[in-house]
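I have placed the structure first, in the form of structure tokens, so that the comments after it can refer back to it.
The values are calculated or read from the model by the stated rules, or taken from the named source; none is laboratory data. Worth saying up front: this structure is predicted, and the values here are computed from it rather than measured. In this analysis, Cβ positions are derived from the backbone assuming ideal geometry, glycine residues included, and neighbour counts consider all displayed protein chains. Note: areas computed on protein heavy atoms with side chains; ligands, DNA, RNA excluded. Shrake-Rupley method; radii C 1.70, N 1.55, O 1.52, S 1.80 Å.
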Amino acid sequence: QVQFVESGGGLVQIGGSLRLSCSVSVSISSIRTIAWYRQAPGKEREAVARITTDGRRNYLDSVEGRFTVSIDIANNTFNLQMNSLKPDDTATYYCQIPDTDWGQGTQVTVSS
């Protein structure tokens, strides 16, 4: 099984920034696609951003222009830079590879 450890969450003000990181138990260079998801209380989990090994990136419409995904090969991490944060971004954020178990996620709270 692939193990994920998400970190970097916290409490920020509206308009603030956070950088989330995901450590993966396998080499990220061997992964074809990896994505960030989020889930707010009482809501369904949704994909917010993904990247493929050919460099293509896709974003949820509500985060496009504010969030940026990247892969750090040297540190074997998958990152999500989040800028101009809004209260609606409040959720637990997870990284995920298709058909693998979920990690514990990292909590992001944006104060209104």
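When we screen Gly103, Gly42, Gly65 for residues that are closer than 22 Å to Gln1 by Cβ, of a type outside the set (Ser, Thr, Tyr), open to solvent by 10 Å² or more (accessible area, probe 1.4 Å) and out of contact with any Gly (no Cβ under 8 Å at 6 or more places or on another chain), the only hit is Gly103.
Report yes if Arg19 is modelled with pLDDT of 95 or more, open to solvent by 60 Å² or more (accessible area, probe 1.4 Å) and closer than 23 Å to Ala74 by Cα, otherwise no. For Arg19, the condition - modelled with pLDDT of 95 or more, open to solvent by 60 Å² or more (accessible area, probe 1.4 Å) and closer than 23 Å to Ala74 by Cα - is met.
The C-beta contact set for region 1-13 (first residue assigned to a strand (DSSP E or B), second residue among the charged types (D, E, K, R) and surrounded by 14 or more Cβ atoms within 10 Å (Cβ to Cβ), distance under 6 angstrom, 6+ apart or interchain) is empty. Scanning region 68-93 for residues that are under 13 Å from Gly15 (Cα atoms) and surrounded by 17 or more Cβ atoms within 10 Å (Cβ to Cβ) returns Met82, Leu85, Asp89, Thr90. Within the option set Gly9, Gly15, being over 15 Å from the mean Cα position of the chain (by Cα) and closer than 22 Å to Gly65 by Cβ holds for one residue only, Gly15.
Got a sec? Which of Ser29, Ser21 is in contact with an Asp or Glu (Cβ under 8 Å, 6 or more places away or on another chain) and in contact (Cβ under 8 Å) with a residue 24 or more places away in the chain? Only one candidate passes the filter, namely Ser21.
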